[in-house]
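No value in this document is a laboratory result; all are computed from the given coordinates. Just so you know, these numbers come straight off a predicted model, no measurement behind them. Methodologically, a virtual Cβ is constructed for each residue, glycine included, from the backbone with ideal geometry; neighbour enumeration extends over all protein chains shown.
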Amino acid sequence: MQEAKNSKREDTLEVATDENNKNSFWKRIAFFGGLLIFVFLLGLIPVWLSERETARQRDAAQANLRLSQLQNRLATAAINARIGEYEPARVAASDFFTDLRAEVDREESAFTVQQREAVKPILNERDDMITLLARHDQAAVGRFMDLYLSFTQAISPPTMAQAR
């Protein structure tokens, strides 16, 4: 009878030891799994910071591109008017004014607040310029040159001399 009790105790101890080993095994798996996830997330931080900086640079480059395209459209209209190509000049001028209005109205505009205020008077010239080009009026050439100079001055960053 004593042997049966000892055998039963040994079986109970073996079962308890097996359960402890199984629990210990799963605890280790959970610990290393948690550690692995932590290290993975820790590695994401530099990637996220880098991506954020790259996105900022991309947005700045796109804003500069939009400004350059506006300036290019206005220059194209002025050059076409100068050589007597009034219809292509009218189309380029119309595109310029449409894109300028869209950029001024854009929430994340490429223009600063000061630049927006400086280009708003240029928008008032739209109807007059389109009409001059539609009439094939030579006066459009001089007006386009003035408009181009006004636009380039409006979008140029202020220099130290202008800031004083």
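Values for this structure:
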{"read-out": "Lone unmet requirement of (1) closer than 16 Å to Gln153 by Cα; (2) of a type in the set (Ser, Thr, Tyr); (3) touching a helix residue (DSSP H, G or I) at 6+ places or on another chain (Cβ under 9 Å) for Ser109", "value": "(1)"}
{"read-out": "Condition met for Pro121 (loosely packed, with under 12 Cβ neighbours inside 10 Å and assigned to a helix (DSSP H, G or I))", "value": "yes"}
{"read-out": "Hits in the stretch 52-99 - residues which are buried (at least 16 other Cβ atoms within 10 Å of the Cβ), more than 23 Å from the chain's Cα centre (by Cα) and either at positive phi or touching a residue at least 40 places away in the same chain (Cβ under 8 Å) (or both)", "value": "Leu74, Ala75, Ala77, Ala78, Ala81, Tyr86, Ala89, Arg90, Ala93"}
{"read-out": "Hey, Ser94 in contact with an Asp or Glu (Cβ under 7 Å, 6 or more places away or on another chain) and of a type in the set (S, T, N, Q) or not", "value": "no"}
